[in-house]
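Each value in this text was obtained by applying a stated rule to the coordinates, not by laboratory testing. None of the values given here were measured: they were computed from a predicted structure. Here the Cβ positions follow ideal geometry from the backbone for every residue, glycine too, while neighbour counts run over all protein chains shown.
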Amino acid sequence: MVSRVNANTARHTARRIQETVTKALVGALGLHGERMSKVDTAWLRMDSPSNLMMIVGVWVVKPGIRHEDLRQRIAERLLKYPRFVQCAVEDAVGATWVNDPDFDLDNHLVIEKLAKKPAGREQEALQERLAELTMEPLDRQHPLWQFHLVKHYKGGSAMMVRIHHCIADGIALIGVTHSLVDGGSPPPERPPHTSYKEGLEGAEDWVADALVKPFAHLAVKALGAAAEGAVRSLDLLMDPQKGVSKGMHGTADVAKLAYHGLTDMAALALMEDDSPTRLKGMPGRSKRVAWCPPLPLAEVKAVGKALNCSINDVLLSCVAGAIGEYLRAHGDATDGKEIRAMVPVNLRPLDQAYQLGNQFGLAPLVLPIGLENPVERVYEVRRRMQGLKGSLQPVLAFGLLAVAGLLTKPLQDAMLGLFSRKTTAVMTNVPGPRDKLQICGSTVEENLVWVPQSGTVGLGVSILSYGGGVQFGVVSDATLCPDPQNIIDQFEPEFAKLALVTLMRPWGLD
């Protein structure tokens, strides 16, 4: 009993000291703003020469829009979010959001002119410019975002968007950018400040303090250790006195949830390396971008229903098939090969997206690129997706990012680098609006978005449903994959194979 009281006193004292030191340091630096969350701090510090932590997107609109109209819309809607007029200022213990005293909207909305291409190749010029922008750092002296307007593009306009991941995750930023559309609205008024944290803000602290933080160094060692030794190390996590009970006191399912969490932590720590392919290696310092015309969403739904699979199963199977075909076309053997894709999982209520910040986890999905039979592959993808349901791995990955935000950058890079070396791709699958959006009186005909890759990951795949269609996009490291259009060109044929199989199924069979 005495030891427990002493432990509580020590913990309380340490927390007070940390708060005092942080406040003193921030005051000494002359910073007066809102402290950045641990997870957002991790993203701020994750930039590398090969991968900048920017979420990038493209809107193609028809007819074209005027620069002055877009500028007014951004001023009226986007600048209502404080993050878009604030700088991210790092210090020794984290970072702070500070209002930019020299904010000028003209620094953030710029006019672009694309390289001239022959008729019919305008998209190629847009892709080339977007690829360049993915490797141009945002100015740390100003808010970390920029819109690039191409006033004349294929009978309309194109808008390329770059927003640093420390501002918000993809789901939140989709909500933010959609506030720009006709009929959209600025964010609601912020609720009164409370002295305690709720929802994912509280979950960040709980996961970091109760499950992950005590084991951060152990997790790093376990990830790099041989399986048998890692299992022995992870047995230490089963001690219920080391953090878990403190984070879950008063909960009836403590033991069950703790065991589930620790089991999933072990699964994360003991992930095997995925198959070596030409898509995996040390990335360079340039990117390539490609995307395809939309597939009809109704046809994707029909194929999924006929095969008793979800839309996601069908689309992810097409991704696996397209990558497999790409590798075989380059003469690579794919029999028995698999690649791991980290898939962002939203952890917040969608009606709270306006609060910005990063509130998502990562689920490791292994894609069977070696299965050439499209039916066998889609059912294998379905089986693996079902295996991820109910997993705490996304929440634990969120906690690891929180821990990374507490560490020095070298330790953060060491922790997150072990995950990136076990991963070939980052993949997003985002459901967009069913009806096409309007902005400044023009229609958004195409809507694409990519999240960044981190560490040594060199491939990003985007699947976005919008306006009755589904588009695939790929951003790749130019050293590892200099021709992502050849991957893109395989998506439609892979879907066609599944559609053909569906048509050949006997009627009346489930």
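Tell me which residues, restricted to the stretch 152-178, are under 20 Å from residue 76 (Cβ atoms) and part of a strand (DSSP E or B). Even if it seems obvious, please write down each step before you answer.
Restricting attention to the stretch 152-178, the residues satisfying the condition of being under 20 Å from residue 76 (Cβ atoms) are 157, 159, 161, 163, 167-168, 172-178.
Matches in the stretch 152-178: 157, 159, 161, 163, 168.
State the number of residues belonging to the stretch 444-464 that are on the phi > 0 side of the Ramachandran plot and either buried (at least 24 other Cβ atoms within 10 Å of the Cβ) or polar (S, T, N, Q) (or both).
Qualifying residue count for the region: 0.
Can you tell me how many residues within the stretch 423-443 are assigned to a loop (DSSP other than H, G, I, E, B), surrounded by fewer than 20 Cβ atoms within 10 Å (Cβ to Cβ) and not small (Gly, Ala, Ser)?
Selection size over the stretch 423-443: 5.
Specify the residue that is surrounded by the fewest Cβ atoms within 10 Å (Cβ to Cβ); the eligible residues are those in the stretch 465-490 that are farther than 30 Å from residue 298 by Cβ and of a type in the set (A, V, I, L, M, F, W, C).
That would be 478.
Just give me the residues in the stretch 138-151 being of a type in the set (A, V, I, L, M) and part of a strand (DSSP E or B), in sequence order.
If the condition is that a residue be of a type in the set (A, V, I, L, M) and part of a strand (DSSP E or B), then 149, 150 are the ones that fit.
Against the condition touching a residue at least 40 places away in the same chain (Cβ under 8 Å) and assigned to a helix (DSSP H, G or I), how does residue 463 come out, does it pass?
No: the conditions fail for residue 463.
Which residue is surrounded by the most Cβ atoms within 10 Å (Cβ to Cβ), if the candidates are limited to the stretch 125-137 and must be assigned to a loop (DSSP other than H, G, I, E, B) and touching a strand residue (DSSP E or B) at 6+ places or on another chain (Cβ under 6 Å)?
So the first thing to find is which residues in the stretch 125-137 are assigned to a loop (DSSP other than H, G, I, E, B), and the list is 134-137.
Still in the list and also touching a strand residue (DSSP E or B) at 6+ places or on another chain (Cβ under 6 Å): 134-135.
Working: 134: 21, 135: 17.
Ranking the qualifying residues of the stretch 125-137, first place goes to 134.
Identify all residues within the stretch 81-121 that are part of a helix (DSSP H, G or I) and surrounded by fewer than 19 Cβ atoms within 10 Å (Cβ to Cβ); write none if there are none.
Scanning the stretch 81-121 gives 82, 85, 105, 106, 107.
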